Each structure stands twice: as C-alpha cells, then as structure tokens.
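Here is the structure we will look at, set down as structure tokens.
The values are calculated or read from the model by the stated rules, or taken from the named source; none is laboratory data. Owing to the predicted nature of the structure, the values given are computational and were not obtained by experimental measurement. Methodologically, a virtual Cβ is constructed for each residue, glycine included, from the backbone with ideal geometry; neighbour enumeration extends over all protein chains shown. Side chains are part of the model used for accessible areas, which takes the heavy atoms of the whole protein and leaves out ligands, DNA and RNA. Shrake-Rupley method; radii C 1.70, N 1.55, O 1.52, S 1.80 Å.
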Amino acid sequence: AAPTQYQAESASISNGLVESNHAGFTGSGFVNYDNEVGSSVEFTVSSPSAGQATLTFRFANGTTANRPMDVSVNGSLAADELSFAGTGAWTTWQTRTTTVNLNAGTNTIKTVATTSNGGPNLDRLDVEPPSGPPDTVA
Ligand code: GCU
C-alpha cells in the first residue's frame, strides 16, 4: 500500500508553532519546535493491521547540530533519540526513516525534542503500514 501522509501542522503540537516562512514544505506549513527539551508533536495515525510500519519524517534543520527526538508509539519509547542531522538550510528538506510496531486501528506517534535546541522543523510524517497477508494466487 502507499504510505499515508500526516501533516505536522495538523497534528497535536506542544510548545511549537506552525510556520510557513521556509519554502519547500508540503501542505500549509511546518512545525517549528520551541528551542527546548520536551517540545513535541503528536500524530494520530491509523493502521489497517498490527505489525511493523515504516515511519518517514520530512524535516529541515538549518543548523549544523543534530536535533534528536524520542519517538514514542502509544506511550512507549520506540526510537531513542532518533537523529535529525543538519540539512544545510532551513529550505532544504530531507527524510528520516525508522520502523516501529503499530496496533491495528488508532495509534499515537509522538516526537519529543531531547535537547535544548528543540526539534528540527517538521513538515510531515508518512506511514507505510504493516504489509498485509500475501495475495491469493488463483
Ligand atoms: C530559525 C528558523 C526557524 C527554526 C529556528 C530554530 O529561527 O527561521 O525556522 O525553527 O531557527 O533554530 O529552531
């Protein structure tokens, strides 16, 4: 199946702002995390089945410092201090991928900044759901 796209500006934001002053984002903007530990964005995503899903975060980091974030799924840490390295400019957007286990149905995916720099600017999360059972061959 194709990944489902979740815009960061439509997610639940804690200590961050929706902005649109750096070109190249998708949707109507991106989230600028406050420059502090604990600023966060929480996505609510739906999965058709339980299993391993691929998460692809689209982000920009115009500094040279990594801006790691903890990724929690349904309240449990799933990726510890996932790195979001500098992309060269705030208008240069790259992707960072990780795999997590999702439940069938509704899941929460929360990304929390772990340094005083806050998170990167976050444009979008794409979720590739767990692969289903193989197609039946006639
Ligand atoms: C700059 C940039 C913001 C970014 C911020 C940061 O102010 O314009 O988009 O979020 O730096 O360092 O987090």
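Listed values, structure above:
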{"item": "One residue from Thr115, Thr97, Thr108 being polar (S, T, N, Q), surrounded by fewer than 20 Cβ atoms within 10 Å (Cβ to Cβ) and in contact with a Leu (Cβ under 7 Å, 6 or more places away or on another chain)", "result": "Thr97"}
{"item": "Qualifying positions in segment 33-42 - open to solvent by 40 Å² or more (accessible area, probe 1.4 Å) and either touching a Pro at 6+ places or on another chain (Cβ under 9 Å) or away from the ligand (no atom under 12 Å from the Cβ) (or both)", "result": "Val37, Glu42"}
{"item": "Any hit, segment 90-109, residues being of a type in the set (A, V, I, L, M) and within 16 Å of the ligand (Cβ to nearest atom)", "result": "no"}
{"item": "Any hit, segment 115-129, residues being more than 12 Å from the ligand (Cβ to nearest atom) and of a type in the set (Ser, Thr, Tyr)", "result": "no"}
{"item": "His22, sole failed condition from (1) open to solvent by 50 Å² or more (accessible area, probe 1.4 Å); (2) touching a residue at least 24 places away in the same chain (Cβ under 8 Å); (3) not in a strand (DSSP E or B)", "result": "(1)"}
{"item": "Yes/no for Gly27 being assigned to a loop (DSSP other than H, G, I, E, B), open to solvent by 40 Å² or more (accessible area, probe 1.4 Å) and not polar (S, T, N, Q)", "result": "yes"}
{"item": "Residue check, Val73 touching a Gly at 6+ places or on another chain (Cβ under 6 Å) and open to solvent by less than 20 Å² (accessible area, probe 1.4 Å)", "result": "no"}
{"item": "Qualifying residue in segment 43-56 (condition: among the aromatic types (Phe, Trp, Tyr), in contact (Cβ under 8 Å) with a residue 24 or more places away in the chain and within 12 Å of the ligand (Cβ to nearest atom))", "result": "no"}
